[in-house]
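Worksheet for the structure shown next.
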Amino acid sequence: MVTRLTRLGQTVATAESLTAGLVCVTLTEVPGASAVVRGGLVVYATDLKASLAGVDPELLARSGAVHPEVAAQLADGARERCGADWGLGLTGVAGPDPQDGVVPGTVHAGLAGPGVREVKTSWFEGDRAAVRTEAVRAALDLLREHLA
């Protein structure tokens, strides 16, 4: 991923809720990441999704924090606020309990980039760690698909 972004001369940023920065950590474990990773926003609290990442407060009030459009707006916010070519946004429920009626294992990964605004919704089994690991994989796979 880092190599491909470097070759393309493009950058990425994240706005993460359920993964709390794990996507950004995963990207920056690769040598050379500083050339392509602009930064990341950890927006675990619902109010921070609006104030830091620019998610529409009315959307949050109406639909809750775990919604596909929230993931899309997190991706938009990461891209805009960090000045990156690509933004990744993640929201979901790692468990063990439901959140706002949404079952554990639900993950929405959003991607915003040149001519792209997409959300992939997935359901993962397992404990919190397993759901968060799969969420990171889903987000990076979504970006990888659009860089290919």
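The values are calculated or read from the model by the stated rules, or taken from the named source; none is laboratory data. Because the structure is predicted, anything quoted here is derived from the model rather than measured. Backbone-built Cβ (ideal geometry, glycine too); neighbour counts: all protein chains shown.
Here are some notes:
- Which numbered condition Gly54 fails, given (1) more than 15 Å from Ala20 (Cβ to Cβ); (2) in contact with a helix residue (DSSP H, G or I) (Cβ under 7 Å, 6 or more places away or on another chain); (3) not in a loop (DSSP other than H, G, I, E, B): (3)
- In a residue-by-residue description of region 76-91, the property of being in a helix (DSSP H, G or I), under 12 Å from the mean Cα position of the chain (by Cα) and within 18 Å of Met1 (Cα to Cα) applies to at least one position.
- Here Glu118 does not fit the description of being out of contact with any strand residue (DSSP E or B) (no Cβ under 7 Å at 6 or more places or on another chain) and not β-branched (Val, Ile, Thr).
- Contact annotation: residue pairs with Cβ atoms under 7 Å, 6 or more positions apart or on different chains, pairing a residue in region 35-47 that is farther than 10 Å from Val12 by Cα and without any contact (Cβ under 8 Å) to a residue 24 or more places away in the chain with a partner that is surrounded by fewer than 19 Cβ atoms within 10 Å (Cβ to Cβ) and of a type outside the set (Phe, Trp, Tyr), are Thr46/Leu60.
- Filter result for Val103 (farther than 23 Å from Thr11 by Cα, at pLDDT 95 or above and touching a Pro at 6+ places or on another chain (Cβ under 7 Å)): no
- Subset of region 20-37 that is assigned to a helix (DSSP H, G or I) and out of contact with any Ser or Thr (no Cβ under 6 Å at 6 or more places or on another chain) - its residue that is surrounded by the most Cβ atoms within 10 Å (Cβ to Cβ): Leu27
- Any chance Arg137 is at pLDDT 95 or above, in a helix (DSSP H, G or I), surrounded by 19 or more Cβ atoms within 10 Å (Cβ to Cβ) and not polar (S, T, N, Q): no
- Flag for Ala50 being crowded, with 17+ Cβ neighbours inside 10 Å, of a type in the set (Gly, Ala, Ser), in contact with a Pro (Cβ under 6 Å, 6 or more places away or on another chain) and at pLDDT 95 or above: yes
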